[in-house]
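Read the figures in this text as sums done on the coordinates, not as results from a lab. No experiment lies behind these values; they were computed from the predicted model shown. A quick note on method: Cβ atoms are made from the backbone with ideal geometry, for glycine too, and the neighbour counts reach across all protein chains shown.
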Amino acid sequence: MTALMAGLAVFLIAAGFRRPATSVVVAPYVGGAVVGFGKEHFVLPEESVLWSGIGAVLGAVLVPIPWVLGLLVGGGFGLASEVGLRRRARNRRRRQLGFELPAIADLLGLYVLAGESVLGAMRRVCTEASGVAATELGAAIDLVDEGSALVEAVRDAARRSSHPDGARLYELLAQAHRSGARLVDALEIFAADRRSSIAREMTVEGGRRALIGYGPILGLMIPTTLAFLIYPTLAGLDALAATP
């Protein structure tokens, strides 16, 4: 009976979130869909609703507390778990894009130097490459194929990009297409700057990992060293105290 009530409550909550079906908008760079309620809307990915529902049912059925409280606790834990996983995936995607950008900028520069237009270079890169950058450029190309202007499509990709330097690269493409600026030189500077940033990030990450690795070692060595230093002293004091 408790499980039935919990399942019914989760169904009603999920149905309430999904009621305005016309307001579902696909978010290609985040994954999943977003449910909105007009101008004054509450935004919640469908994955969050699913995880909250699963957590609520498990909390109501398995946790030895009143089912309403278990429903709330389980739903909150499920939502927190989904948010944490989504944040981790977003950070992993951002990191991957950061490593891809120098090579993508070099490819774009080579195609432009060979005589391709900005759009042609983007198409060639999306054909030859794979990864986060190719996906974001591919989304911009899809917008162009649907009738949008290239500058608007590329700037839309810049707004949605997983990495600030990705947005910077796409803005370079938009400016070059609009004003005819020397794109090859700008891409070369961008790639060199991004490689320097990667080197700095790797240095910082190496130092952080070294501190994490030395922490347990120091935590074990310091008490052990103190024990070896203090024990003979205490033993000597005990011997002196026992001497008549």
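Roughly how big is the range 93-199's charge dipole about its Cα centre, with Cβ charges of +1 (Lys, Arg) and -1 (Asp, Glu), in debye to the nearest 20?
The dipole magnitude comes to about 320 debye.
For the range 210-244 and the range 145-188, what is the separation of their Cα centres, given in Å?
62
Could you list the square roots of 5 times each eigenvalue of the Cα gyration tensor of the range 93-199, that is, the equivalent ellipsoid semi-axes, sorted largest first and rounded to whole Å?
Semi-axes (√(5λ), whole Å): 19, 16, 13.
Run the numbers for Val83 and Thr203: contour at 0.36 nm per residue of separation, minus the present Cα-Cα distance, in nm.
So the chain would gain 40.3 nm between Val83 and Thr203.
State, to one decimal in nm, how far the label point of Tyr231 lies from the label point of Ala103, with both points 7 Å from Cα in the Cβ direction.
Reported label-point gap for Tyr231 and Ala103 is 5.5 nm.
Which distance in nm do the two modelled labels at Ala241 and Tyr214 give, with both placed 7 Å along the Cα-to-Cβ direction?
The answer from the label model is 3.8 nm.
Suppose R0 equals 25 Å; then what is the FRET efficiency for Asp185 and Ala149 from their Cβ-Cβ distance, rounded to the nearest 0.05?
0.55
Give me the percent of Cα-Cα pairs in the range 169-236 that sit more than 15 Å apart, rounded to a whole number. Working shown, then result.
Details: 1640 of 2278 pairs.
Result for the distance tail: 72 percent.
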